[in-house]
Amino acid sequence: MKKETHYTRTLAYLKNYGSITSLEAIRDLGNTRLSATIFNLRQDGYDISATNVSVPTRWGTTTTVAKYEINTIV
């Protein structure tokens with residue numbers, strides 16, 4: 001059995017759900033360096049786009065985070 005990595009877990013998450021944010025990566029995958037993982041996936045040919053989305057904070061304001069979406073599955 002191959003060892004799971006941030007790379008393989010993030011790729012599987014994107015294939016299953018279509019998108020991911022940094023909070024989802026931390027909460028669901030334990031990946032605190034999502035942008036680095038996305039960089040590696042893009043280097044390997046995966047078409048992943050990023051859009052900015054506003055999300056609520058715990059203090060009642062909003063902040064902007066990147067939402068990564070997989071466009072084509074290689």
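The values are calculated or read from the model by the stated rules, or taken from the named source; none is laboratory data. Worth saying up front: this structure is predicted, and the values here are computed from it rather than measured. Cβ atoms come from the backbone with ideal geometry, glycine included; neighbour counts cover every protein chain shown. Calculation scope for accessible area: heavy atoms of the full protein, side chains included, ligands and nucleic acids excluded. Shrake-Rupley method; radii C 1.70, N 1.55, O 1.52, S 1.80 Å.
Odds and ends about this structure:
- Of all stretches in the chain that contain no trypsin sites (Lys or Arg not before Pro) in a DSSP loop with at most 14 other Cβ atoms within 10 Å, the longest one is 4-32.
- Farthest towards the positive end of the charge dipole of the chain, among the residues Val65, Tyr17, His6, is the Cα of His6, using unit charges on the Cβ of Lys, Arg, Asp and Glu.
- Rounded to the nearest 10 Å², the accessible area of Thr5 at probe 1.4 Å: 60
- For q = 0.26 Å⁻¹, Debye-computed log10 I/I(0) when each Cα of the chain counts as one equal scatterer: -1.28
- Taking all protein chains as they are arranged and a probe of 1.4 Å, the heavy atoms of Asp44 leave approximately 100 Å² accessible to solvent.
- On full extension, the segment bounded by Ser35 and Leu23 gains 3.1 nm, given 0.36 nm per residue less the C-alpha separation.
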